[in-house]
Amino acid sequence: MKLPTLREVGTEARLLLIGIPVFIWTMIPIYHMFLFAISPKEDAFSGKLWPDHPTLHNFSIVFHQQHYFLRDFWIQFGNSVIIAAAVGALTLIIATCAAYAISRLRVPGSRVVMNLALFTYFIPAAFLAVPMYRTMGKYGLLNNDWSLILAMVTIASPYAIWVLKQASDKLPVELDEAAVMDGASPLQIFRLVYVPLMMPSLVAIGTYAVLLAWNEYLYAFLLLSNDKAITLPVALGNFLAADDSPWELLMTTGFIYALPPAAVYYAFKRYMVGGLTAGAVKS
Amino acid sequence: MAITLSASDPALAEAPRPARLTPPQVWGIVMLAPYLLVFLAFVVYPVGYGLWLARDPASYVALFNDPIFARAAVNTLIFLLIGINLKMLIALFLSGFFVQQRGWIKWLSVIFILPWAVPSIPTILSVRFMLNPEWGVVNQLIFKFTGEDGPNWLNNPSVALGMAIGMHIWKSLPFWTLILMTGRLAISQDLFEAAEVDGATWMQKFRYITWPSMQTLYITCTLLSMIWTLGDFNSVYLLTGGGPADLTHVLSTLGIRYLRLDQLSLAMASIVCAMPLVLPLVYFMMKRLSR
C-alpha cells in the first residue's frame, strides 16, 4: 500500500468540504421528522438532538388510532392506497393505448393529440385546480374517490403518453410489419408484441403515476373534505388546524406516509432514472 | 421471431370497416378515445368554464386593486428569477461533484436523492415545526447557546419567502442535479484528458469543454424548472400559509386563497393573469420538445 500524495489528500479534503454540507442539508428535515417520531412527548419539545428515552410508542398510538386527529388513520391510509393504485392502473391503460395509437397506428390527427397532451403537461397543475374543483362539483363527484382518481389521471397521462411515445418510436417498425405479414390484427400486435417490449417503460410510468397520486396534496385537499374520504396528506395538513396539535404524532404519521413512496422509489430507481430522465429533458 | 397468434381473436371479427380509414387506423381511434374523453371532460371543459367565469372585466379591476395580488406577482418573480437560478447553479456545481468516482460519493448520492423520493408534505411540516418561534428546535438551540430568544422566522415576510424558496430548492435540487449529471456524463472523457495534457486549469476545462456541451441542456432545464415552480403550491402554502398577513403568496396559492374567500371570479382572474408568464415558457418548451 502506498501513501496518498499531498495532492490527493487535498482533493479528497475539498470533496469532503462539499460532501458534508450536502449531507447535513439533505438530512436535516428528514432527521427532524424521524426524531419527533421516536421521541416521547416531553422529549420532543426539549430541543435535544437525540431523545433521552427513544420509543416506538408514537407508532403504536398511530396504528391503534388512539388520538382525536388519528381516529380514521387506517381508512385514510386505505384511501391513499386505493387512489394511488387506481391512478396507476388507469394511467397505464389510457397512456399505453394512446401511445400505441399515436406511434404505431399512425392515426390521422395523432400529432395534434400529442401536442395537446404535451401542452397540458406544461401548464402547472396548480393553475387547473380551481376550475377542476368547480367542474367536479358540477359532475357531482366531490368527496368521492373518483374525483381525485380522474383528476390525477388527467394530470399524469400527458407525460405518460409522451414518455411512452418516445420509447415506442425506438422500437423497430419491422416488428410490426413482420407481425402484419403473419396476419396479426393491431390488437394482437399490441398485446403480444408491443406491451411485452415496452415493459421497462411501463414499469417506470406506472411508478410515476402511483407516486404522483400518493404524494398529491392540493387536489386531494380541494376535492375531498369528509374525514372518511380524505387521503393521508390531507389528514396531515388538518393537524395544523389546531394550535395544540400533537407534533410528535403528526411527524410519526408523516414518517409512515413517507416510507412507501421512498421504498418504491429506491426499488424502481433503475427504471425511474432510465425511463423518466431520458424523457424528461431531451436536449 | 416466435410470435404465436390465435386467429380466433373475438375482437378481430368485430372491427368496423368504414370507407377511407384502414382497420389499424380505426383501432387507433378507438385506442385514442379514452384519453380524448379524459381530455374533453377534465381539461377542455374546466378550462372553458374557468375562462367563462373570468370573463367579467370588473374582476380584473378588483384584482389589480388588491395589493395582495401585486405582492404575489412580485413574490412569484423573486421565486423564479432568484430561486430557480440559484437552484440551477447549485445543481450545476453539484453535478460536477457527484460525477467524481468515489465510493462514498456514490453512497452520498443515494442519500442525496431522498428529498425527491419522499413526499413533500411531511418534510415541509417538519421544517415548519423546526422554525416555530417557541418550540422549534432552531430557536431552542439559539436559546441554549446564546441565552437569547431567536427571531420569529416565519413572521417576517422576506425571511418567510426565503424559507419557502429554500424549501423548494431542498425538494427539487436532487432531481436537477441528476439530470445535469447525465449531461456531464455524456461528454467524452478524451476531451478532458487532452486538456489535462495541455495543462488546462479547472476553470478552463469548465469554460471550454463542460459549458459548451451542457449549455442547451442547462437552459432547457432552467425554463422547465421555471414552469414547474410557477405551480409549486406546497412549498409556500404549507410552510407559510401565505402569511404573515398574506404577504408571501405566489400566483399558484393566490387562486386557492380567493377560492377560500368565496371570490371565484377573482380566483379565475388571478389564474388568467398568470398566463402571460406561463404561456411563453410553455411555447418555448413545446418548440424544443416536439421536434
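A short reminder: the numbers here are calculations on the coordinates, not readings from a lab. Just so it is clear, the model here is predicted, and its values are computed rather than measured. Don't worry about glycine lacking a Cβ; one is built from the backbone with ideal geometry, like all the others, and counts go over all protein chains shown.
Once the GluC sites (Glu not before Pro) in DSSP loops with at most 12 neighbouring Cβ atoms within 10 Å are cut out of chain B, the longest remaining piece is B:149-291. One Cα centroid belongs to the range B:243-276, the other to the range B:82-153; the line between them spans 28 Å. Note on the range B:180-291: Cα-only Rg and Dmax are 21.2, 68 Å. Here the range B:161-196 and the range A:36-77 have alpha carbon centers that stand 37 Å from each other. In this structure, A:MET199 and A:ASN143 have a Cβ-Cβ separation that, at R0 = 41 Å, corresponds to a calculated FRET efficiency of about 0.65.
Taking trypsin sites (Lys or Arg not before Pro) across the range A:145-226, the ones in a DSSP loop with at most 13 further Cβ atoms lying within 10 angstrom of their Cβ are A:LYS170.
Across all C-alpha atoms in the range B:67-289, the radius of gyration and Dmax reach 20.6, 68 Å.
Sequence-ordered 3J(HN,Hα) estimates for the range B:44-52 from the Karplus curve with 6.51, -1.76 and 1.60 and θ = phi - 60° stand at 5, 4, x, 5, x, 4, x, 5, 5 Hz, glycine and proline given as x.
Between the alpha-carbon centers of the range B:25-69 and the range A:96-134, tell me the distance in whole angstrom. Cα centroid to Cα centroid, the span is 13 Å.
For peptide A:229-237, the mean count of partner chain Cβ atoms within 10 Å of a residue's Cβ comes to 3.
Remark on A:SER225: its backbone amide H falls under 5 Å from those of A:ASN143, a criterion applied only to residues 5 or more positions apart or on other chains, H modelled at 1.01 Å from N. Averaged over the residues of A:167-179, the number of partner chain Cβ atoms lying within 10 Å of the residue Cβ comes to 1.
Of B:ALA33, B:ALA58, B:ALA73, the residue with the greatest mean-square motion in the GNM of chain B, using alpha carbon springs below 10 Å, is B:ALA33.
Taking θ as phi - 60° and the Karplus parameters 6.51, -1.76 and 1.60, the scalar couplings of the range B:80-85 work out to 6, 6, 7, x, 5, 5 Hz in sequence order, x denoting glycine and proline. Result for chain B in a Gaussian network model with C-alpha springs under 10 Å: among B:MET163, B:MET31, B:MET275, the largest mean-square fluctuation is at B:MET31.
If you look at the Cα atoms of the range A:30-161, you get an Rg and a Dmax of 21.8, 68 Å. For the protein assembly as shown, the Kirkwood radius over C-alpha pairs fed into Stokes-Einstein at 4 °C and 1.567 mPa s yields D = 50 µm² per second.
Phi-derived couplings, Karplus 6.51 cos²θ - 1.76 cosθ + 1.60 at θ = phi - 60°, listed residue by residue for the range A:156-173: 7, 5, x, 5, 4, 4, 5, 4, 5, 5, 4, 5, 6, 4, 7, 5, x, 4 Hz, with x used for Gly and Pro. Over the protein assembly as shown, DSSP H runs of length four or greater, each weighted -39,500 (n - 2.57), average out per residue to a 222 nm ellipticity of -22000 deg cm²/dmol.
Could you check how many percent of all C-alpha pairs in chain A are farther apart than 35 Å? Result for the distance tail: 36 percent. GNM remark for chain B: springs join alpha carbons under 10 Å apart, and the peak mean-square fluctuation among B:LEU63, B:LEU224, B:LEU185 falls on B:LEU185.
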